[in-house]
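**Q** Here it is, the structure in full.
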Amino acid sequence: MIPIDEPDSNGRRTSEKSLSIKIREMEIDDIPRVFHLGEQLFAPRAVPNMYRTWDPYEVTGMFNEDSEFCLVAEADDEVVGFALGTTITKSHSAWKYGYLIWLGVAPEFQRHGVADRLYHRFKDLMIKDGVRMILVDTQADNRPAVRFFEKIGFGSSEEHIYLTMNLDAERQRRKGRKNRRVSRNRKGEKEPSGMHSSRNADTPESP
């Protein structure tokens, strides 16, 4: 999740453009626009270690399951930001948690208070739904996001260890072994009946 909505160096918003922006619940017709905006903000090359995948199924899935917690920021009939979240309940616990999963603002509308307005509308929905704590996560080196969340009152940050494994090499090894087996089988089919391609049945096993 990469919110980018920082005040300028003096702590002020850079314009009053936020006054013309409407925050509303997401509608089904917004899904393509939210998805394409997210493609710009959450591209793998820009966020290489994101464990959630931004794709059409992510957007439609969240809308179908928690449409009341999906918000968009709109300016002149254009979606310029969004907040997508859910709630979490744990067994044997009286607490209900809110989880802000995605928060994004179009580059040309960043630094105008859009993310701040989206978050506060999301928080209002959480309070009305009985949520006692809101959770967010972002990359540890994403300082703009960390500063944003700290500024609006989040704390108790914990850094998670993130491990990766590239499976391309393993995939190539398995493909090579499969090709070698196919090649041996084809050679075996051409040999006379009763013979083995590797050794005669009477030949003792090598240690």
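**Q** Is at least one residue of the stretch 172-184 surrounded by 10 or more Cβ atoms within 10 Å (Cβ to Cβ) and modelled with pLDDT under 70?
**A** Looking for residues that are surrounded by 10 or more Cβ atoms within 10 Å (Cβ to Cβ) and modelled with pLDDT under 70, one finds none in the stretch 172-184, hence no.
**Q** Further question on the same structure: Would you mind stating whether Gln139 is under 30 Å from Arg111 (Cα atoms) and either out of contact with any helix residue (DSSP H, G or I) (no Cβ under 8 Å at 6 or more places or on another chain) or at pLDDT 70 or above (or both)? It would help to see each step written out before you state the result.
**A** Details: under 30 Å from Arg111 (Cα atoms): yes; either out of contact with any helix residue (DSSP H, G or I) (no Cβ under 8 Å at 6 or more places or on another chain) or at pLDDT 70 or above (or both): yes.
It is true that Gln139 is under 30 Å from Arg111 (Cα atoms) and either out of contact with any helix residue (DSSP H, G or I) (no Cβ under 8 Å at 6 or more places or on another chain) or at pLDDT 70 or above (or both).
**Q** Every residue in the stretch 54-67 that is at pLDDT 90 or above, open to solvent by less than 70 Å² (accessible area, probe 1.4 Å) and acidic (Asp, Glu), please. Outline the logic, then answer.
**A** Step one: filter the stretch 54-67 for residues at pLDDT 90 or above, giving 57-67.
Narrowing further to those that are open to solvent by less than 70 Å² (accessible area, probe 1.4 Å): 58-63, 66-67.
Within the stretch 54-67, Glu58, Asp66 qualify.
**Q** So Thr164 passes all but one of these: (1) out of contact with any Ser or Thr (no Cβ under 8 Å at 6 or more places or on another chain); (2) modelled with pLDDT of 95 or more; (3) not in a helix (DSSP H, G or I). Which condition number does it fail?
**A** Result: Thr164 fails condition (2) only.
**Q** Can you confirm whether the stretch 45-53 contains a residue that is more than 23 Å from Phe154 (Cα to Cα), surrounded by fewer than 11 Cβ atoms within 10 Å (Cβ to Cβ), β-branched (Val, Ile, Thr) and modelled with pLDDT of 95 or more?
**A** Step one: of the stretch 45-53, the residues more than 23 Å from Phe154 (Cα to Cα) are 45-46, 48, 53.
Narrowing the set further to residues that are surrounded by fewer than 11 Cβ atoms within 10 Å (Cβ to Cβ) leaves 45-46, 48, 53.
Now restrict to residues that are β-branched (Val, Ile, Thr): 53.
Going one step further and asking which of them are modelled with pLDDT of 95 or more, we end up with none.
Scanning the stretch 45-53 turns up no residue that is more than 23 Å from Phe154 (Cα to Cα), surrounded by fewer than 11 Cβ atoms within 10 Å (Cβ to Cβ), β-branched (Val, Ile, Thr) and modelled with pLDDT of 95 or more.
**Q** What's the number of the only condition in (1) out of contact with any Phe, Trp or Tyr (no Cβ under 9 Å at 6 or more places or on another chain); (2) open to solvent by 100 Å² or more (accessible area, probe 1.4 Å); (3) touching a residue at least 12 places away in the same chain (Cβ under 8 Å); (4) basic (Lys, Arg) that Arg143 fails to meet?
**A** (3)
**Q** For Leu84, are the conditions met, namely being assigned to a strand (DSSP E or B), in contact with a helix residue (DSSP H, G or I) (Cβ under 9 Å, 6 or more places away or on another chain) and within 19 Å of Lys151 (Cα to Cα)?
**A** Working: assigned to a strand (DSSP E or B): yes; in contact with a helix residue (DSSP H, G or I) (Cβ under 9 Å, 6 or more places away or on another chain): yes; within 19 Å of Lys151 (Cα to Cα): no.
In short, no.
The values are calculated or read from the model by the stated rules, or taken from the named source; none is laboratory data. None of these values were measured; they are calculated from a predicted model. Cβ atoms come from the backbone with ideal geometry, glycine included; neighbour counts cover every protein chain shown. Surface areas here come from the heavy atoms of the whole protein model, side chains and all, with no ligands, DNA or RNA. Shrake-Rupley method; radii C 1.70, N 1.55, O 1.52, S 1.80 Å.
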